[in-house]
Structures are given as structure tokens and as C-alpha cells.
1. Over the chain, what relative contact order in percent results from Cα pairs under 8 Å that are six or more residues apart?
2. Using θ = phi - 60° and the Karplus curve 6.51 cos²θ - 1.76 cosθ + 1.60, what whole-Hz ³J(HN,Hα) does each residue of segment 398-413 get, with Gly and Pro shown as x?
3. Could you grab the relative contact order for segment 331-411? Cα pairs under 8 Å, six or more apart, rounded to a whole percent.
4. Can you give me the accessible area per residue for the chain, using a 1.4 Å probe, in Å²?
5. Averaged over all directions, how much area does the convex hull of the C-alpha atoms of segment 29-79 cover when projected, in nm²?
6. Grab the beta carbon distance between Ala660 and Lys24, set R0 = 45 Å, and tell me the FRET efficiency rounded to 0.05.
7. What do you get when you divide the Cα radius of gyration of segment 94-248 by 2.2 N^0.38 Å, with N the number of residues?
8. Output needed: percent of Cα pairs per 10 Å distance bin for segment 456-601, bins running from 0 to the one holding the longest distance.
Amino acid sequence: MIKKYVFGRPVKTDAVVMEIPESKEELSVMELTESDGIRLCCRMEETDVVYGLGEQVRGMNKRGFSYVSHATDDPAHTEDKHSLYGAHNFLILHRRKQAEEENRSFGIFVDDPGRVVFDVGETKHDWLVIRAGSDCVIYVIDGDGPKDVVKQFRRLIGRSYIPPKWAFGYQQSRWGYCCEEDIRTVVREHHGQGVPLDAVYLDIDYMEDYKDFTVDEKKFPQFESFVGEMKEQDVHLVPIIDAGVKIEKDYPIYEEGVQKGYFCKDENGEDFVAAVWPGRVHFPDVLNAEARAWFGGKYKVLMDQGIDGFWNDMNEPAIFYSEKNLGKVMDEVIALKDENLDIHSFFHMKELVVGLSNNQEDYKSFYHNMDGVKVRHDKVHNLYGFNMTRAAAEAFDRIAPGKRTLLFSRSSYIGMHRYGGIWTGDNRSWWSHILLSLQQMPSLNMCGILYTGSDIGGFGNDTTEDLLLRWLEFAIFTPLMRNHSAIGTREQEVYQFEHIEDFRNIIRIRYGLLPYIYSEYMKAALKDEMYFRPLSFDYPEDAHAVQVEDQLMAGESLMIAPVYVQNAGGRYVYLPEDMLMVRLKSLGDRTSEVLTKGHHYVEIALNELVIFVKKNHVLPIAVLGDDMRTTADIADAEYEWIGFVEDAAEYLLYDDDGIAKNCNLEENCKKITVRREDLA
Ligand code: GLC
């Protein structure tokens with residue numbers, strides 16, 4: 001049951017797809033006050049759990065901190081951060097049912113694309129307080145526990161994006177691959193050493209002077225034939241597209257955008273000037289339908305050369321500095337020259353310079369044209385990344401109709417999940433970031449974002465062999481499985497390390513599990529369900545399960561418990577019921593044993609994967625040849641089954657051609673009965 005409450009005159013965000021009449025009843029689950037914006041509050045009981053909020057730091061249970069929805073380009077994902085790149089204003093307050101009692105869990109979605117604050121017991125331990133602007137729509141979802149609340153919410157916001165099947169393969173990226181030869185080396189080294197690889201990314205270095213939709217001919221003299229050369233090996237190239245369009249005379253996109261009035265304007269109606277990688281840029285006004293169609297159409301330039309996947313970046317939008325503010329700051333700094341800079345003046349100067357980037361005043365100084373209405377950017381800030389991605393996805397429907405194109409974004413808002421996935425931005429080569437990624441996954445799934453993953457090995461800082469291996473052992477399960485790192489950091493392609501056989505084994509396990517991972521992803525997308533779930537979602541009656549912050553349910557049959565601590569030879573695992581523990585050194589080298597419900601210490605060597613199969617559940621594993629290199633090689637692979645069954649269990653196996661858009665459950669699902677004697 002969903003109730004809708006409208007306050008003031010909200011802008012149309014297109015976050016939801018379901019028409020719901022405005023509720024006549026009072027908003028009862030939280031106390032509402034309207035002065036200087038909307039304020040909602042309620043007291044939390046000691047055992048209440050708060051889930052949701054998508055891409056944020058800290059645990060799956062969000063209690064004890066404040067989260068601010070304000071899309072931010074911040075490469076330090078530390079636990080003091082209130083905002084990351086996305087804005088996902090949906091949470092669930094889960095109150096465990098006492099016997100005979102009515103369920104008192106609820107979900108709430110605050111559809112406000114400006115700044116929204118969720119104080120989940122930071123200021124006052126027992127109080128959940130939400131503060132939004134005066135113009136917003138609030139949806140309250142009453143359901144039978146969190147799983148049901150999520151399902152209703154997901155119906156409200158529409159079906160999740162479905163990428164092509166090859167995008168479930170292993171992918172390699174690095175900021176710094178700069179020419180054809182670099183990319184060839186990556187492919188040769190992986191495939192040559194028997195490590196499967198489906199895609200290589202092109203970061204900003206492929207462009208000519210960081211200009212969107214251009215290719216530097218010095219680095220890629222024959223781009224189209226190079227894309228073809230890669231395709232022959234079933235490797236896809238995935239170029240980055242940035243939000244800022246370089247200001248440069250005779251650059252057609254710049255010239256056209258100016259002439260047609262498609263860029264965001266400043267208060268005087270001039271095209272707003274910010275700066276990102278190429279220096280001065282304009283931002284395409286993707287909140288304007290016409291400009292959105294125009295910008296989206298530009299992806300065709302690359303698609304015509306064989307490209308079938310993109311990642312959209314810097315679309316919070318990130319601002320290094322604005323032209324206007326830079327002038328002011330420069331004047332102030334120059335005035336300080338020859339001064340004796342002391343405690344006050346030195347720090348003031350430093351703040352001025354650091355404050356040039358992503359400055360809040362800049363976000364208040366430009367405007368969108370939304371259906372003819374001039375809207376100040378900060379009021380709709382969180383919609384920018386969403387609409388840049390929507391621009392691309394809507395264009396793909398025109399350029400390559402019926403076909404899936406890989407697309408994901410850095411910034412997002414609820415609703416973007418219909419158009420693309422996200423990656424979780426500029427993390428670090430820190431052990432704690434394996435855990436952070438694990439904790440973000442179910443929170444993102446609740447918000448409809450299913451195609452997601454983190455930069456494996458860490459984007460910033462130098463990785464190590466053990467960190468990369470452990471990270472991969474978790475990322476085997478994330479739909480987006482991409483190793484990505486920043487320029488200047490240690491090279492972290494798996495072949496840079498000594499024990500290539502360990503990496504080969506682990507990555508091949510991903511491909512072996514692909515029939516399961518793909519099937520579970522597709523069912524989750526088509527049924528509006530979660531692929532990754534906290535344990536408590538599957539075991540609501542279990543008081544321990546709710547405490548577990550470092551294990552996940554992955555699809556219907558599996559629980560995972562990755563190692564995320566350096567030098568640990570294993571870890572404690574909580575089993576909410578008896579499960580089959582399967583230990584894989586490689587796809588073919590598997591052993592298993594039944595573990596009973598409860599706490600266990602499980603030894604897990606650095607080069608092993610351990611998974612836990614639920615009772616009466618099975619999963620398919622593809623039988624791979626030694627020469628298998630990409631997902632294309634396993635299209636017709638045979639399956640083996642592993643499972644924990646007494647007599648027999650049923651599995652609904654989804655499969656399709658991996659490329660056509662019209663996926664549906666009825667046509668592509670097979671119910672398979674797996675008997676105990678069928679198990680491998
Ligand atoms: C941003 C992105 C990162 C990319 C870099 C250069 O920091 O988040 O993934 O490598 O820009 O384009």
C-alpha cells in the first residue's frame with residue numbers, strides 16, 4: 001500500500017512511473033512539520049533497523065549517522081562523509097514484529113531533487129529526522145517487512161536497467177591507457193595467460209583534448225577498425241563520456257550547443273562557464289527535453305564506429321572551478337602576496353583555493369530550462385547525472401533499437417536505474433573499501449540499482465596482490481566486475497602480479513557462475529526484486545541475522561562471506577540455517593561440507609573462494625574449456641549443478657541471447673528439477 005503526499009509545487013523528476021492519486025489521509029508514520037521546508041520525524045525503538053539510502057558510506061543499517069542527498073564528487077569515501085555521488089532518498093524503517101502484532105515497518109521515498117537530510121539518530125540517538133525542501137512529493141509504503149516494502153517501491157519506480165550479457169564478464173580499465181597498443185597489451189596479456197576478459201575501458205585519454213565524442217587520431221589512427229579488431233576477439237571497448245563540453249571554437253558540439261541554446265545559463269542568460277578536464281566547459285542542459293535529445297544523439301558518433309557501451313562521468317556535475325569564482329579567488333590570493341600569512345590568513349587562503357571545486361555558490365548560479373520554466377540548479381542538483389544517462393539511453397533506443405547497450409553512470413537519482421547502472425566512484429586500495437562495497441550493494445539494490453560494482457583493487461592508492469585477490473573474490477558476485485585504477489597508482493591488471501594462476505582461477509570461477517549470476521540478475525530485474533540482500537531479508541525471524549553487516553545473500557541460492565581483512569586466513573561466518581559450504585580452489589577443484597546453523601570460524605586461503613548454498617537450493621555452473629576467453633565462448637556451455645538437497649530441488653533458470661531488449665520471464669525461464677544424484 002503506497003500513499004502519496006504532495007507539498008508545494010514540486011518539479012517533475014520522473015523518478016516514479018506509477019500514477020498514484022494524492023492521499024487524503026494524514027501522513028501518520030512520521031510526525032510532519034512544515035516551516036522552512038518539510039520536516040518529518042519519528043522515534044526509533046532500540047531494535048529498529050533503518051535500511052536504504054543507496055550509495056552512502058557506513059553499514060547496511062544506517063542508524064547513528066546523517067546522510068545528505070547532494071551528489072558530490074568526493075574521492076575520499078571515509079566514514080565522516082555525508083554525501084557521495086548519488087542521491088537515493090529511500091529508506092525503510094524496519095520494526096520487528098512482536099507475536100500477533102501488526103507489522104509496523106514502513107518505507108519512505110522523498111522525491112526532492114534538492115538537498116535532503118536524513119538524520120538517522122546522529123543528533124539524537126533515538127530519532128529519525130528527515131528534512132527536505134518545501135516543494136516535494138513524499139511516498140509512504142506500508143508493507144509486510146522490508147522485502148515487501150522494497151518490492152512495492154520498485155514497482156513504483158519501474159523496471160531496472162538490463163545490460164547486455166557480455167557486461168557480466170570480467171572488465172579491465174585504467175585511467176592512463178592511452179593508445180591502441182596499450183589496449184592490445186591488456187587483451188593479449190589476459191587472453192594469452194588464460195584469464196577471461198570481455199571489455200576494456202577507454203578513459204579520458206582516448207579523446208582529443210578531453211572533448212566529448214572525439215577520438216584522438218594520434219593515439220587511435222583507425223578507431224573504427226581498431227574497435228573491429230577488438231570485436232573479432234569478442235572484446236568490447238567502453239569509452240567514457242564526461243558532462244562538461246569543452247569551449248573551443250569550431251568544435252561542432254560546442255558550436256551547436258551555443259547556437260541552439262542547449263547549455264545551462266547563468267543569471268544573465270549567458271552560457272554558464274565551469275571548468276573540468278579540458279579547462280573551460282559548458283554543461284548541456286540535460287534537464288531540458290530538447291537539449292537532452294540533442295546531447296544523447298551525439299553518442300551515435302561512437303556507436304557508428306562499433307561502440308556498444310559507455311560510462312558517464314563527472315555528472316554531479318563536478319566543477320573544478322567556475323570562471324566567475326576563480327577570478328574572485330585569484331584576486332584575493334594575489335592580494336595576500338607578501339603578507340605574513342598567519343593562523344587566520346593562511347587557512348583562509350587555503351580554504352579559498354580548496355573551495356573553488358564543487359562550490360555551493362556555483363551550484364546556485366546557473367539555471368535549467370525545464371519545459372520553459374527557469375529552474376535554479378541547486379533546486380534540482382541531484383537530477384543532473386540521472387538525466388545525462390537518460391539522454392544516452394533514450395538515444396540508444398533511437399540509434400540501436402531493440403538492442404541492449406552497456407551504460408552506467410557515476411551520479412544518479414532514483415529513477416535512473418531504469419536507464420543504466422552505476423559504479424561506486426573513486427574508492428581506494430583499502431581493505432575497508434571491500435567491506436564498504438559489500439554494504440553498498442543491497443542498499444543500492446533496494447533503490448533499483450542492480451547493475452553496479454566498485455572499482456576492484458581500488459581506484460586511488462597502490463593496490464597489493466592480496467588485496468586485489470580478496471576483492472575479486474567478492475566481486476565475482478557483483479554484476480559489474482571491473483578492475484579500474486587511477487593514473488599514477490601501481491598498475492593493477494592481474495598479470496602485473498606474481499601468482500597469475502590464482503587470478504585466472506578466481507576469474508574463471510566468475511565465468512563458471514555466470515549462468516547463475518545472469519539468471520539471478522534477470523529474475524531480480526524482471527520481478528522488481530533484489531539480487532543482493534542483507535541476511536535479515538531472507539531470515540526475518542532470526543535475531544542474529546539482522547546484526548550481520550559483512551555477509552550477503554546473492555541471488556536465491558547463495559550466501560557469501562568475503563574476507564576483507566589483510567593477512568586474515570579466514571573469518572567468522574554466521575549461518576542462519578544449515579548450509580552447504582563449497583570451497584573452490586578453481587572451477588574444477590571443489591569440496592563441500594554441511595555446516596550447521598550458528599557461528600563458525602571458516603578458514604579461507606588467499607586463493608580460495610568459499611560460498612554457502614541454502615538448504616533445498618541448487619545452482620548451475622558452466623563447464624568451461626581451457627580455451628574459453630569471453631562470455632561469447634560460453635553461450636552454449638553445458639551446466640553442472642551444485643546444491644544442498646535432500647531429494648530434489650527446483651531452479652528457475654533464466655537465459656536469453658543476452659542482447660535483445662525484450663526480455664521476459666515466461667519465454668526465457670525454464671524450471672529445472674535437480675535431483676540429488678544429478679549434483680556434481
Ligand atoms: C573520475 C572518475 C574515474 C576516472 C577519472 C578520469 O575520477 O571517477 O573513474 O578514471 O575521472 O576520467
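1. Computed value for the chain: 14 percent relative contact order.
2. Ordered by residue, 3J(HN,Hα) equals 7, 7, 10, x, x, 10, 7, 10, 6, 8, 8, 9, 8, 8, 7, 9 Hz.
3. Relative contact order, segment 331-411: 18 percent.
4. 38 Å²
5. Value for segment 29-79: 4.9 nm².
6. 0.55
7. Dividing the Cα radius of gyration by 2.2 N^0.38 Å gives 1.62.
8. Result returned by the calculation: 10, 35, 37, 16, 2.
The values are calculated or read from the model by the stated rules, or taken from the named source; none is laboratory data. This structure is a prediction, so every number in the text was calculated from the model and none was measured. Positions of Cβ are generated from backbone atoms using ideal geometry, with glycine treated the same way; all protein chains shown enter the neighbour counts. To get the accessible areas, we keep the full protein, side chains included, count just its heavy atoms, and leave off ligands, DNA and RNA. Shrake-Rupley method; radii C 1.70, N 1.55, O 1.52, S 1.80 Å.
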